Amino acid sequence: MHYSPVLYTSYFTAFILLAINPGVIATPAGGTPTSSSANATCTSFFLVPYTADLVAVCDFNDPDGTPQNHDARIHLDNCIGQDNGVLIPGSGFLDIPSNPCQNITFDDVQFALQGACKSIAGTFVVTSLPLSNIVSNSGGNLTC
(Lines give C-alpha, C1' and ligand atoms only; values in the text may rest on other atoms or scores of the structure.)
Protein backbone atom coordinates (compact mmCIF):
# COMPACT_ATOMS: atom_id res chain seq x y z
CA MET A 1 0.00 0.00 0.00
CA HIS A 2 1.37 3.44 -0.95
CA TYR A 3 0.96 6.40 1.40
CA SER A 4 1.59 9.95 0.25
CA PRO A 5 4.34 11.98 1.96
CA VAL A 6 1.73 14.69 2.60
CA LEU A 7 -0.36 12.26 4.65
CA TYR A 8 2.70 11.30 6.69
CA THR A 9 3.46 15.01 7.19
CA SER A 10 -0.11 15.59 8.43
CA TYR A 11 0.12 12.68 10.87
CA PHE A 12 3.59 13.80 12.04
CA THR A 13 2.34 17.37 12.56
CA ALA A 14 -0.67 16.12 14.51
CA PHE A 15 1.58 13.87 16.63
CA ILE A 16 3.96 16.75 17.42
CA LEU A 17 1.06 19.04 18.33
CA LEU A 18 -0.39 16.40 20.63
CA ALA A 19 3.01 15.73 22.22
CA ILE A 20 3.47 19.45 22.92
CA ASN A 21 -0.11 20.09 24.03
CA PRO A 22 -2.02 16.91 24.88
CA GLY A 23 -5.11 18.96 25.79
CA VAL A 24 -5.54 20.07 22.19
CA ILE A 25 -8.20 17.38 21.68
CA ALA A 26 -10.16 17.83 24.86
CA THR A 27 -13.56 16.15 25.11
CA PRO A 28 -16.20 17.71 27.32
CA ALA A 29 -18.97 15.67 28.96
CA GLY A 30 -21.26 16.19 25.94
CA GLY A 31 -19.06 13.96 23.79
CA THR A 32 -17.92 16.37 21.08
CA PRO A 33 -14.39 17.76 21.10
CA THR A 34 -13.86 21.40 21.89
CA SER A 35 -12.70 23.63 19.07
CA SER A 36 -9.12 23.02 18.04
CA SER A 37 -6.99 23.97 15.09
CA ALA A 38 -8.15 21.92 12.13
CA ASN A 39 -4.59 20.97 11.15
CA ALA A 40 -4.27 19.09 14.48
CA THR A 41 -7.47 17.05 14.23
CA CYS A 42 -8.26 16.80 10.50
CA THR A 43 -6.43 15.15 7.58
CA SER A 44 -6.61 14.85 3.79
CA PHE A 45 -7.17 18.55 3.15
CA PHE A 46 -7.86 19.79 -0.36
CA LEU A 47 -9.26 22.92 -1.97
CA VAL A 48 -12.13 22.14 -4.34
CA PRO A 49 -11.15 23.45 -7.81
CA TYR A 50 -12.81 26.71 -8.90
CA THR A 51 -14.26 27.31 -5.43
CA ALA A 52 -13.10 28.55 -2.05
CA ASP A 53 -14.23 25.31 -0.39
CA LEU A 54 -11.71 23.53 1.83
CA VAL A 55 -12.54 19.87 2.45
CA ALA A 56 -10.98 17.53 5.04
CA VAL A 57 -11.62 14.42 7.10
CA CYS A 58 -12.12 15.59 10.69
CA ASP A 59 -12.12 13.71 14.00
CA PHE A 60 -14.87 14.00 16.59
CA ASN A 61 -16.34 11.89 19.38
CA ASP A 62 -19.92 10.69 19.24
CA PRO A 63 -22.12 11.24 22.35
CA ASP A 64 -20.87 8.03 24.04
CA GLY A 65 -17.25 9.14 23.53
CA THR A 66 -16.41 6.81 20.64
CA PRO A 67 -13.89 8.42 18.25
CA GLN A 68 -15.28 9.00 14.76
CA ASN A 69 -14.34 10.97 11.66
CA HIS A 70 -16.16 12.26 8.61
CA ASP A 71 -15.83 14.60 5.65
CA ALA A 72 -16.13 18.27 6.52
CA ARG A 73 -16.25 21.35 4.29
CA ILE A 74 -15.94 25.09 4.81
CA HIS A 75 -16.32 27.97 2.36
CA LEU A 76 -13.16 30.02 3.03
CA ASP A 77 -14.69 33.22 1.66
CA ASN A 78 -16.55 33.35 5.00
CA CYS A 79 -13.22 33.29 6.91
CA ILE A 80 -10.75 35.23 4.79
CA GLY A 81 -10.70 38.73 3.42
CA GLN A 82 -8.10 40.76 1.63
CA ASP A 83 -6.70 44.23 2.10
CA ASN A 84 -4.92 45.89 -0.81
CA GLY A 85 -3.94 42.54 -2.29
CA VAL A 86 -2.98 40.78 0.96
CA LEU A 87 -5.05 37.89 2.38
CA ILE A 88 -6.20 38.61 5.95
CA PRO A 89 -8.58 37.06 8.50
CA GLY A 90 -12.08 38.33 7.75
CA SER A 91 -14.48 37.57 4.92
CA GLY A 92 -15.12 38.26 1.29
CA PHE A 93 -11.74 37.77 -0.40
CA LEU A 94 -13.58 36.55 -3.50
CA ASP A 95 -16.28 39.22 -3.38
CA ILE A 96 -14.23 42.27 -4.37
CA PRO A 97 -14.79 42.68 -8.14
CA SER A 98 -12.23 45.48 -8.48
CA ASN A 99 -9.58 43.57 -6.49
CA PRO A 100 -9.97 39.91 -7.42
CA CYS A 101 -7.76 37.07 -6.22
CA GLN A 102 -6.52 34.42 -8.63
CA ASN A 103 -4.50 31.21 -8.62
CA ILE A 104 -5.78 30.38 -5.13
CA THR A 105 -4.19 27.19 -3.78
CA PHE A 106 -3.95 25.41 -0.45
CA ASP A 107 -0.51 24.44 0.87
CA ASP A 108 -1.15 21.49 3.19
CA VAL A 109 2.44 21.45 4.46
CA GLN A 110 2.28 25.09 5.63
CA PHE A 111 -1.50 24.82 6.28
CA ALA A 112 -1.94 28.08 4.37
CA LEU A 113 -4.04 29.59 1.61
CA GLN A 114 -1.95 31.13 -1.15
CA GLY A 115 -2.67 33.17 -4.24
CA ALA A 116 -2.30 36.50 -5.97
CA CYS A 117 -4.72 39.33 -5.20
CA LYS A 118 -5.07 42.61 -7.02
CA SER A 119 -4.00 45.67 -5.07
CA ILE A 120 -5.66 49.08 -5.23
CA ALA A 121 -2.82 50.17 -7.54
CA GLY A 122 -3.81 47.38 -9.94
CA THR A 123 -0.80 45.10 -9.46
CA PHE A 124 -1.12 41.54 -8.25
CA VAL A 125 0.41 40.76 -4.86
CA VAL A 126 1.54 37.20 -4.13
CA THR A 127 0.11 36.45 -0.71
CA SER A 128 -0.15 33.61 1.78
CA LEU A 129 -2.23 33.29 4.94
CA PRO A 130 -1.66 30.54 7.54
CA LEU A 131 -4.99 29.01 8.52
CA SER A 132 -4.02 27.41 11.85
CA ASN A 133 -5.57 30.28 13.87
CA ILE A 134 -8.48 30.75 11.46
CA VAL A 135 -9.92 27.32 10.62
CA SER A 136 -10.95 25.07 13.51
CA ASN A 137 -12.46 21.63 13.98
CA SER A 138 -15.52 22.03 16.16
CA GLY A 139 -17.15 18.66 16.81
CA GLY A 140 -16.05 17.34 13.43
CA ASN A 141 -17.10 20.45 11.51
CA LEU A 142 -14.73 22.95 9.96
CA THR A 143 -15.43 26.43 11.34
CA CYS A 144 -13.83 29.86 11.38
**Report entry** Test set (1) over 13 Å from the mean Cα position of the chain (by Cα); (2) in contact (Cβ under 8 Å) with a residue 40 or more places away in the chain - T51 fails condition number
**Finding:** (2)
Report task. Identify all residues within the stretch 115-138 that are out of contact with any Cys (no Cβ under 8 Å at 6 or more places or on another chain), surrounded by fewer than 18 Cβ atoms within 10 Å (Cβ to Cβ) and not hydroxyl-bearing (S, T, Y); write none if there are none. Result -> I120, A121, G122, V126, P130, N133
Report summary line: Of (1) crowded, with 21+ Cβ neighbours inside 10 Å; (2) touching a residue at least 40 places away in the same chain (Cβ under 8 Å); (3) not aliphatic (A, V, I, L, M), R73 satisfies every one except (1)
Report task. Within the stretch 45-66, track down each residue that is out of contact with any Phe, Trp or Tyr (no Cβ under 8 Å at 6 or more places or on another chain), modelled with pLDDT under 95 and surrounded by fewer than 17 Cβ atoms within 10 Å (Cβ to Cβ). Result -> V48, P49, Y50, T51, D53, D62, P63, D64, G65, T66
Query raised in the report: Quick one: is I134 part of a loop (DSSP other than H, G, I, E, B), under 12 Å from the mean Cα position of the chain (by Cα) and in contact (Cβ under 8 Å) with a residue 12 or more places away in the chain?
Result: yes
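The values are calculated or read from the model by the stated rules, or taken from the named source; none is laboratory data. All figures in this text were calculated on a predicted structure; none of them were measured in a lab. Methodologically, a virtual Cβ is constructed for each residue, glycine included, from the backbone with ideal geometry; neighbour enumeration extends over all protein chains shown.
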